[in-house]
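*Asks:* Got a structure here, written out as structure tokens. Questions coming.
The values are calculated or read from the model by the stated rules, or taken from the named source; none is laboratory data. Just so you know, these numbers come straight off a predicted model, no measurement behind them. Cβ coordinates were reconstructed from backbone atoms using ideal geometry, including for glycine residues, and neighbour counts include every protein chain displayed. Areas reflect the complete protein model, heavy atoms only, side chains present, ligands, DNA and RNA absent. Shrake-Rupley method; radii C 1.70, N 1.55, O 1.52, S 1.80 Å.
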Amino acid sequence: MKYSDLQEESWWHHPESAYDPSLPKEFDAVMIGWLGNKVESIGVISDADLQHLEDLCETRYIDQALLGYHTCEICNKYDDRGEVLLIHEDKYFVVPHMIIHYVKDHKYLPPDEFLSALDQIEA
Ligand SMILES: [Zn+2]
């Protein structure tokens, strides 16, 4: 799946497979990191941001098992599945769990708006 960064989409998931079953099932999402087969925003994030991103992937995971595994379309060598959700103010950022791979191995640089929201999450 490919979406532009900060693109808005109607989104849904199975609350029972989310880290918090009381999350809404449907909501308006802001898409981050749905790269498809190329990285349009390249750069290096700080170690602190990478740590925040890894924490996010661990604590805010939603297993979209029905969608199955997705192979990275950039290198075709990495499989992952599921997504993570960062709720900040009134925004719901929906991010593929594979974002860690994109950042580490393909130098994907997420938008500032997302990185600053990431800085403000509670551990
Ligand atoms: Zn890859």
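*Asks:* Exactly one condition in (1) open to solvent by less than 70 Å² (accessible area, probe 1.4 Å); (2) in a loop (DSSP other than H, G, I, E, B); (3) at pLDDT 95 or above is false for Y92; which is it?
*Replies:* (2)
*Asks:* Then there is this: Mind listing whichever residues of the range 65-90 are more than 16 Å from the ligand (Cβ to nearest atom), of a type in the set (A, V, I, L, M) and more than 13 Å from S17 (Cβ to Cβ)?
*Replies:* L86, I87
*Asks:* Next question. In the range 67-83, which residues are open to solvent by 80 Å² or more (accessible area, probe 1.4 Å) and touching a residue at least 24 places away in the same chain (Cβ under 8 Å)? Break it down into steps so the answer makes sense when it comes.
*Replies:* Of the residues in the range 67-83, the ones open to solvent by 80 Å² or more (accessible area, probe 1.4 Å) are 67, 69, 76-79.
The one that is open to solvent by 80 Å² or more (accessible area, probe 1.4 Å) and touching a residue at least 24 places away in the same chain (Cβ under 8 Å): Y78.
*Asks:* Still on this structure: Given the residues V44, V39, which is the only one that is within 16 Å of the ligand (Cβ to nearest atom) and in contact (Cβ under 8 Å) with a residue 40 or more places away in the chain? Spell out the reasoning first.
*Replies:* Numbers: V44 fails: within 16 Å of the ligand (Cβ to nearest atom).
After applying the criteria, what remains is V39.
*Asks:* Here's a follow-up. I'd like to know if the range 48-65 contains one or more residues that are assigned to a loop (DSSP other than H, G, I, E, B), more than 15 Å from the chain's Cα centre (by Cα) and farther than 17 Å from H97 by Cβ. Before the answer, list the steps.
*Replies:* Initially, the range 48-65 is screened for residues assigned to a loop (DSSP other than H, G, I, E, B), giving 60, 63-64.
From what is left, the residues that are more than 15 Å from the chain's Cα centre (by Cα) are none.
So far as the range 48-65 goes, no, none of its residues is assigned to a loop (DSSP other than H, G, I, E, B), more than 15 Å from the chain's Cα centre (by Cα) and farther than 17 Å from H97 by Cβ.
*Asks:* Of all residues being under 16 Å from the mean Cα position of the chain (by Cα) and not in a loop (DSSP other than H, G, I, E, B) in the range 18-41, which is modelled with the lowest pLDDT? Just the residue, please.
*Replies:* Across the range 18-41, the extreme among qualifying residues is A18.
*Asks:* Still on this model: Considering every residue within the range 97-108, establish whether at least one is aromatic (F, W, Y), crowded, with 17+ Cβ neighbours inside 10 Å and on the phi < 0 side of the Ramachandran plot.
*Replies:* Taking the range 97-108 and keeping what is aromatic (F, W, Y), we get 102, 108.
Then keep just the ones that are crowded, with 17+ Cβ neighbours inside 10 Å; that gives 102, 108.
Checking which are on the phi < 0 side of the Ramachandran plot leaves us with 102, 108.
Within the range 97-108, one or more residues are aromatic (F, W, Y), crowded, with 17+ Cβ neighbours inside 10 Å and on the phi < 0 side of the Ramachandran plot.
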